[in-house]
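Shown next, in structure tokens, is the structure this report addresses.
Bear in mind these aren't lab numbers, they're just calculated from the coordinates by the rules spelled out. Bear in mind the structure is a predicted one, so any value in this text is a computation, not a measurement. When we count neighbours, we look across all protein chains shown, and the Cβ atoms used for this are built from the backbone with ideal geometry, even at glycine.
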Ligand code: CDP
Ligand code: MG
């Protein structure tokens with residue numbers, strides 16, 4: 001054990017760091033730290049690395065640091081932490097071996113691209129290195145993530161590593177949720193949150209450095225940020241930008257910023273054996289379940305990771321797996337090892353999400369069933385087997401429906417390789433691809449199409465317009481969206497009244513930007529003001545911003561359906577949501593009341609929280625709350641005013657077609673109007689979804705003359 005006496009312990013450690021970089025001589029270090037240190041640590045003998053317990057005492061006699069430190073041949077001193085295991089974990093990450101070189105390129109360049117395998121430590125370590133080095137003296141460190149789940153879980157992890165409460169030194173912000181505080185110096189956030197911050201502060205004054213993480217995902221918001229941050233870099237010499245990626249597309253990012261350095265974190269992965277299907281697979285859920293069971297029964301120890309496309313499939317797979325396990329247990333006298341079946345997808349409640357990181361008990365095997373969220377943004381240790389179905393969901397603009405829809409697509413080769421790589425983090429692994437080698441070689445795209453080239457740009461256009469970017473076709477996009485797509489989004493904003501005839505923001509448009517909502521929802525709120533039912537509409541908007549609050553457990557379907565029907569308002573799913581919320585409020589927002597009525601407590605709480613946040617924004621805009629009382633016809637009219645572009649009309653018995661393109665669109669079985677016998681001539685819907693058919697999600701019956709009155713550019717009497 002060592003004690004270092006210094007004026008200020010932490011200052012000494014930083015000084016050692018600095019000196020060490022300037023001259024790498026061992027002697028210098030020993031002088032600094034006191035020659036005794038060298039003797040005791042055995043640095044004189046040529047050891048690779050040595051760990052020592054170290055205590056740093058200030059001049060006042062107080063202990064500044066207590067913990068483990070690592071000294072290597074290069075005389076690098078690692079960060080201190082009190083917890084031995086966490087600090088050892090941190091030092092074992094591939095990124096640790098290049099810590100000093102990394103800090104050096106960052107110091108010497110304004111923009112740096114960093115490439116490293118998933119799990120090398122980019123997301124959790126880089127921010128801490130920058131913090132330890134002192135980058136938070138004149139501003140804070142921001143780190144963007146394309147996914148909400150990643151922002152939350154990573155912030156949680158880093159706050160543990162730094163031994164601080166989440167929301168204190170380390171925090172996160174996602175839409176409608178801000179877990180940061182006055183002392184936050186490392187802030188994880190979704191790229192959408194940072195994008196909205198640029199509205200208030202175009203040069204991002206409060207940040208000294210931004211890490212754009214997971215840039216390879218090329219999410220819509222990331223791509224827009226690229227253009228905006230490039231301007232910030234040009235305007236602020238004191239600002240630094242780091243772009244990280246898990247795949248080898250560094251050149252493209254580097255060129256975008258005019259040829260900035262690309263830093264590679266050396267990989268440390270094991271070989272992954274790839275097994276293809278001999279024939280195309282008919283039912284990949286069934287095939288995945290079979291494969292997982294085969295591994296569990298006959299395979300060597302190691303956890304399994306299955307990639308599927310979405311929540312429904314994941315739930316079905318988890319259910320099938322637990323059934324097979326039960327069958328197996330009841331059909332054999334042998335003891336069957338435990339299989340821990342763990343789903344992970346973005347809408348899963350946070351406490352359940354955290355489970356995937358926990359280690360399984362001895363003798364048990366984890367089987368994680370995931371969406372492509374586990375491809376690069378979350379790292380789970382201990383996976384030896386990957387089962388890749390070859391599909392994923394992507395948001396794609398569907399010209400037939402005139403809007404974005406999540407659709408299932410074959411993944412790209414780059415994604416397939418990422419998925420396989422998950423099996424080789426801890427040791428040599430195996431990846432079972434439930435598709436043929438021919439499909440991989442000849443049918444899959446090389447890399448995924450960036451979101452900006454395939455989705456609706458309504459939000460982006462509105463945002464760029466309010467950043468005073470007049471001609472969107474001139475904006476500095478890394479891969480410009482198709483011109484049609486920009487024009488189409490502008491047309492939709494014009495329909496909503498957010499843009500005028502020459503494409504400039506209207507007063508309504510300027511107000512709409514203030515809300516972190518999709519343009520039609522923002523318009524709905526503002527029309528609630530005009531038609532004097534703001535309170536009611538505010539509730540509906542909040543309820544539409546959370547996943548469905550109706551709870552439908554597998555074994556109690558009939559019972560829960562009956563409970564849901566009790567809330568139905570015959571003309572409208574929107575009003576049904578309003579009814580649920582108002583009844584919950586009348587029952588003092590009670591949790592047990594929710595459980596009794598098959599409602600998701602958490603969802604309702606979230607809706608209440610969102611409602612109060614939107615209310616705050618309304619207050620800052622000085623918009624007073626109005627109530628319409630028990631007659632909800634005006635609420636339906638308000639909904640019509642913001643959603644007339646999504647209108648459908650009756651054609652035949654119980655069959656509807658889209659008013660604009662005459663494509664059939666169906667009532668969803670969960671709708672209050674489904675099978676109710678009430679078939680209004682016209683209705684509007686919140687969104688269309690595409691599963692086996694095109695469905696309207698959340699509908700409201702409207703009067704035909706409302707359509708003509710509120711959407712004259714599309715309808716006439
Ligand atoms: O960003 P990158 O993929 O390079 O790696 P990372 O997310 O920083 O993860 C580095 C390591 O931190 C992983 O190998 C995990 O062991 C650990 N980690 C964790 O235990 N819990 C989390 N929520 C996130 C990371
Ligand atoms: Mg990462």
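Summary table below
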{"item": "Whole-percent pair-distance distribution, where bins are 10 Å wide, for the alpha carbons of the chain", "result": "3, 13, 21, 24, 20, 12, 5, 2, 0, 0"}
{"item": "The chain: calculated mean residue ellipticity at 222 nm from DSSP helix runs of at least 4, using -39500 (n - 2.57)", "result": "-12000 deg cm²/dmol"}
{"item": "Segment 680-709 versus segment 133-180: alpha-carbon centroid distance in Å", "result": "41 Å"}
{"item": "Anisotropy class of segment 130-219 from Cα gyration tensor, a/c 1.5 cut", "result": "rounded"}
{"item": "Prolate/oblate/rounded call for segment 94-253, Cα gyration tensor, a/c under 1.5 rounded", "result": "rounded"}
{"item": "Kirkwood-based shape ratio for segment 562-717, expressed as Rg/Rh from alpha carbons", "result": "0.99"}
{"item": "Shape call, segment 483-555: gyration tensor on alpha carbons, a/c limit 1.5", "result": "oblate"}
{"item": "Pairwise FRET efficiency - residue 109 versus residue 445, Cβ, R0 = 25 Å, nearest 0.05", "result": "0.15"}
{"item": "Length gained when the stretch residue 674-residue 351 is fully extended (0.36 nm per residue, less Cα-Cα span)", "result": "112.8 nm"}
{"item": "Percentage, to the nearest whole number, of Cα pairs in segment 314-364 over 18 Å apart", "result": "43 percent"}
{"item": "Acute angle (nearest 10 degrees) that the helix 601-620 long axis makes with the longest principal axis of the chain, alpha-carbon atoms", "result": "90 degrees"}
{"item": "In degrees, nearest ten, helix 9-22 long axis to first principal axis of the chain (Cα)", "result": "80 degrees"}
{"item": "Potential extension, residue 609-residue 588 segment - 0.36 nm per residue separation minus Cα distance", "result": "6.1 nm"}
{"item": "At R0 = 30 Å, FRET efficiency that the Cβ-Cβ distance of residue 557 and residue 406 yields, to 0.05", "result": "0.80"}
{"item": "The chain: angle of helix 220-235 to the longest principal axis, Cα-based, in degrees nearest 10", "result": "60 degrees"}
{"item": "Pairs of alpha carbons in segment 519-594 whose separation is greater than 20 Å (percent)", "result": "38 percent"}
